[in-house]
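The values are calculated or read from the model by the stated rules, or taken from the named source; none is laboratory data. Predicted model, so just to flag it, every value in this text is computed and none were measured. Glycine also receives a Cβ, built like all others from the backbone with ideal geometry; neighbour counts cover every protein chain displayed. Just so you know, the surface numbers come from the protein's heavy atoms only, side chains and all, with ligands and any DNA or RNA stripped out. Shrake-Rupley method; radii C 1.70, N 1.55, O 1.52, S 1.80 Å.
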Amino acid sequence: MEVMLSVLVGVLVAAAVYLMLARNVLRFLFGLILISNAANLTIFTSGRVTEAAPPLIPEGAEAPVGLVANALPQALVLTAIVIGFGLFAFALVLAFRAYDALGTLDSDEMRVAEPVEDTK
């Protein structure tokens, strides 16, 4: 199972890099989401995918009984998903405002702060 998830992480990273190399800002944002999902899947896979019991301690015991799942990668991924969604929402609004102000999503045409070159 971990081998299949590792291959999936590789495919997600490759697709994300392809999208992030485009000049379109919206494609860059989709690549950013894909690469964050690949990082989340990497963290989740590092916690070993097992069919173990949830990490709960029975009443009266001092430690979990038997094989239990690792809860730390799951908590990290959940936190990363929330942060990634907030980042995506902010970046999407920023791209929308840039499109309203500049009329384009092409990053090469978004040169407001750069002076116009003289072609003599």
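Worth pointing out:
- Alpha carbon convex hull of segment 2-115, volume per residue in cubic angstrom: 117 Å³
- Listed peptides 51-59, 63-71 by packing density, highest first (mean Cβ within 10 Å): 63-71, 51-59
- Angle in degrees between helix 2-20 and the longest Cα principal axis of the chain, rounded to the nearest 10: 10 degrees
- Within the accessible area of the chain, the carbon and sulfur atoms contribute 67%, probe 1.4 Å, all protein chains present.
- Per-residue ellipticity at 222 nm from helix content only, as computed over the chain with -39500 (n - 2.57) for each DSSP H run of at least four residues, stands at -21500 deg cm²/dmol.
- Cα-based helix-to-principal-axis angle, 71-102 vs the chain, degrees rounded to 10: 10 degrees
- Calculated accessible area for the chain comes out at 76 Å² per residue, all protein chains present (probe 1.4 Å; ligands, DNA, RNA ignored).
- A crude spin-label estimate for the pair R48 and D106, with each label 7 Å from Cα along the Cβ direction, gives 5.3 nm.
- Using a Förster distance of 41 Å, the FRET efficiency for V116-I83 (Cβ separation, nearest 0.05): 0.60
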